[in-house]
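Following: one structure in structure tokens, then a few remarks.
None of the figures in this text is laboratory data; all of them are computed from the coordinates on show. This structure is a prediction, so every number in the text was calculated from the model and none was measured. Cβ sites come from the backbone with ideal geometry, for glycine too, and all protein chains shown count toward neighbours.
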Amino acid sequence: MMYQPEIERIGEELYFVAASPATRRLRTQAEMLSQTDVPVLITGEAGSGRATVARLIHSLSLRSSFPFMIMDCGAVSGDLLENELFGSEHTGVSGQPESTVGKFEQCARGTILLEDFDAIPTAVQERLLNLLQTRELVRCGGRTRIRVDVRVMASTDCDLEAAVADKIVDQELSHRLSVFHVHVPPLRERREEIPLLLGHFMSRLTRRYGVPAARFSNVLIEACQHHTWPGNLRELENFVKRFLALADEQAALDELRLHPSTEIAERQGLGNGNGSGHSKSDSHAAEEKFSLKLLVKNAKGETERNAIEQALEYTHWNRTAAARLLNISYRGLLYKIDEYRLVPPSEQARLSGTNNLGEDK
């Protein structure tokens, strides 16, 4: 069945593109959820468009004329996150009481999206649960209960059941936030949208930068549809940015072919028009590929490590900025830092000093 694509503007430079059964279902769900006022849990891989779905629900609701805010819970430490969300009351330098309004109050009558809510510390989860139950909050350091009118949505790319089982997420909070659950499928499960998305991103970027559009050939579009896009929409948009800047189709094709996901697609028969039969030369080529599997894996790991090191150095070890630069989630970056045992220069100096002291002894 052919679907008439829909591109719906939901904010400045932000659009919801519906060109497949999956995204049309999302659009229907969003319209239904916009008529209610209960919490919504949005799951899906990083870069798949969870925040866009949240904003779509908000834009269709009666709260659309009031603020929509996003709080990246994985990018802020526990104490700071608590103050950011709930506000604070303290004694100022002059000795007079001072107060700071938190995000929940700033977002009065609007909607707030708690991104990567599974990163919220246990103590702050308890306060959030209390707010959902009572619609009231107490600022950090304060005593007065303040009535708040805000719709809360939450998003995550983690396995929520496992997070609850591991005591990372409070079970009651999970139940409260997932009254309605929306799952955003990854781009590889809606490949028919890729040609439209390529054109959409190109059109948006050329307007933004005031430059002529670069043309996508049928060969390049087909290669994009065979790619699995592990970074989803974010990765696709960055690909379009590079193609617009370089206007080099061969370089764009090489970039897709060198990516491991494209190789997997080719092995599954997605990248050619051949039948299921394989010649002996095909089998020999496959054997060669798999015999080099370990070398390729090691090379990929070294490349990944170097890219992460360079991003951290460029951002002076600002992990949030580095994660954005690398187009991965904050939690994903922390995992990679731990996997490759990367440490900031200040920590390296401290460890070096400790080792020297040990040797001196």
query = What percent does the relative contact order of the stretch 107-214 come to when contacts are Cα pairs within less than 8 Å and at least six residues apart?
reply = 28
ask   = Taking a ≥ b ≥ c as the square roots of the eigenvalues of the Cα gyration tensor of the stretch 125-210, is the shape rounded (a/c under 1.5), prolate (a/b larger than b/c) or oblate?
value = oblate
note = Going from the fewest other Cβ atoms within 10 Å to the most, one would list Lys167, Lys241 as Lys167, Lys241
key: In Hz, Karplus ³J(HN,Hα) per residue of the stretch 88-104 (6.51, -1.76, 1.60; θ = phi - 60°; x = Gly, Pro)   = 8, 10, 7, 8, x, 4, 6, x, 8, x, 10, 9, 10, 7, x, 4, 4
query = Taking N as the number of residues in the stretch 1-96, what is its alpha-carbon radius of gyration divided by 2.2 N^0.38 Å?
reply = 1.44
task = Mind listing the long-range amide H neighbours of Val184? Cut-off is under 5 Å, sequence gap 5 or more, other chains count too, H placed in the peptide plane at 1.01 Å from N.
result = Thr43, Gly44
inquiry  = If neighbour count is taken as other Cβ atoms inside 10 Å, put Val211, Val240 in order from fewest to most.
reply    = Val211, Val240
Sequence-distant residues sharing a close amide H with Cys140 (under 5 Å, placed H) = Gly87, Ser88, Glu89
task = Would you kindly derive the ³J(HN,Hα) couplings of the stretch 307-314 from the backbone phi angles with the Karplus curve 6.51 cos²θ - 1.76 cosθ + 1.60 (θ = phi - 60°), listing them in order in whole Hz, with x for Gly and Pro?
result = 4, 5, 4, 5, 5, 5, 5, 5
message = Going by amide H atoms built from the backbone, whose H comes under 5 Å of the H on Tyr15, apart from near neighbours?
response = Ile10
request  = Give a residue-ordered list of calculated ³J(HN,Hα) values for the stretch 116-130 (Karplus: 6.51 cos²θ - 1.76 cosθ + 1.60, θ = phi - 60°; whole Hz; x for Gly, Pro).
outcome  = 6, 5, 5, 8, 5, x, 4, 4, 6, 4, 4, 5, 5, 4, 4
key: Within straight-line cross-link reach of Lys103, aspartates and glutamates at Cα separation under 19 Å, skipping those fewer than 8 residues along the same chain   = Asp37, Asp72, Asp79, Glu82, Glu84, Glu89, Glu115, Asp116, Asp118, Glu126, Glu136, Asp149
